[in-house]
Every structure is written in structure tokens, then in C-alpha cells.
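Working notes for the structure below.
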Amino acid sequence: MSQVPKELKYSEEHEWVRVEGNRAVIGITDFAQSELGDIVFVELPSAGAEVKAGETFGTVESVKTVSDLYAPVSGKVVEVNGDLGDAPEKVNEDPYGAGWMIVVEMSDSKELDQLMDANGYSAHVSAS
């Protein structure tokens, strides 16, 4: 069973959100990285880009496939994990830590209410 940290929020598209004040740290879940297999490339937006909840903000390329990344919240990208350019495997090794992708300054924190908690996400994964 994949890890589902209780303090995070989750999207149906397998992104996680760690809320830090008005900022959302975003990455993909342990389940998502295990389904993708070995990640070889991550394409992320630049700092300053605007993202909108439910819309794509980048892609993850693995040896099996290329998958879109969907923003779980709307706002402005204030930080990007530049380490993933040289070491995309961090997403496989530590999806909730060193494998984080972007930090977004949220424009509407009410969007967090649309996301699942750990129990909801675990049920979502076991149903798929």
C-alpha cells in the first residue's frame, strides 16, 4: 500500500497539497509515482506563472508514459523545485519530500475544500 500522509490534501488526479499559510506546496502522490514507474523528466512552469485549479501545469515523463500534472489550487507559482531538472528520480524516491514540484501562492483557499483528506484519497485509490 502506498503512503498517504494524513496532514496533506489530495486531488483526484493524484496530486498532493501541503498547506503552509497562504501557500500550497504541490507534488504527486506515492501511488502516482509507483504507477508511472521510473521518472526520467519533469516539466514545470516558471516562477511567476499563474495556475488554475483543474488545469495542467506541467508534465511528468516516465519510461512508460507522459502524464499531465493538474493544479489542485489556483494561484501564482512562487517557487519551483529546480533540482528535478537534474534529478527527476527524486519524485520516485521521496514524493512527499525532496520530490515536491511547485509552491503556489493561493488566490482562493476555499478551493482546498474540494480536495480529499487522506482517508478519502485512500478510498479513491483503492476504488481505481
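The values are calculated or read from the model by the stated rules, or taken from the named source; none is laboratory data. Since the structure is predicted, the reported quantities are computational estimates derived from the model, not experimental observations. Cβ: placed from backbone, ideal geometry, glycine included. Neighbour counts: every protein chain shown. Only protein heavy atoms, including side chains, enter the accessible area calculation; ligands, DNA and RNA are left aside. Shrake-Rupley method; radii C 1.70, N 1.55, O 1.52, S 1.80 Å.
Within the stretch 78-128, can you find the residues that are among the polar types (S, T, N, Q), within 16 Å of PHE31 (Cα to Cα) and part of a helix (DSSP H, G or I)? Within the stretch 78-128, ASN92, ASN119, SER122, SER126 qualify. Which members of the stretch 60-77 meet the condition of being closer than 15 Å to ARG18 by Cβ and either in a loop (DSSP other than H, G, I, E, B) or aromatic (Phe, Trp, Tyr) (or both)? Selection gives ALA71, PRO72, VAL73. Identify all residues within the stretch 5-20 that are open to solvent by 10 Å² or more (accessible area, probe 1.4 Å), within 15 Å of ALA32 (Cα to Cα) and of a type in the set (Asp, Glu); write none if there are none. Residues satisfying the conditions are GLU12, GLU13. As a summary of the residue check, SER2 satisfies the conditions (1) open to solvent by 20 Å² or more (accessible area, probe 1.4 Å); (2) over 22 Å from SER128 (Cα atoms); (3) outside any helix (DSSP H, G or I) except for the one numbered (2). VAL25 meets the stated requirement of being outside any helix (DSSP H, G or I) and in contact with a Lys or Arg (Cβ under 7 Å, 6 or more places away or on another chain).
If you check ALA87, ALA49, ALA32 for being free of Cβ contacts under 8 Å to residues at least 24 places away in the same chain and either open to solvent by 20 Å² or more (accessible area, probe 1.4 Å) or not charged (D, E, K, R) (or both), only one passes: ALA87.
Against the conditions (1) out of contact with any Leu (no Cβ under 7 Å at 6 or more places or on another chain); (2) free of Cβ contacts under 8 Å to residues at least 60 places away in the same chain; (3) open to solvent by 20 Å² or more (accessible area, probe 1.4 Å); (4) under 19 Å from LEU8 (Cβ atoms), where does LEU115 fall short? Just the number, please. Looking at each condition in turn, LEU115 falls short on (2).
Of all the numbered requirements in (1) of a type outside the set (S, T, N, Q); (2) open to solvent by less than 20 Å² (accessible area, probe 1.4 Å); (3) assigned to a strand (DSSP E or B), PHE41 misses one, and that requirement is (2).
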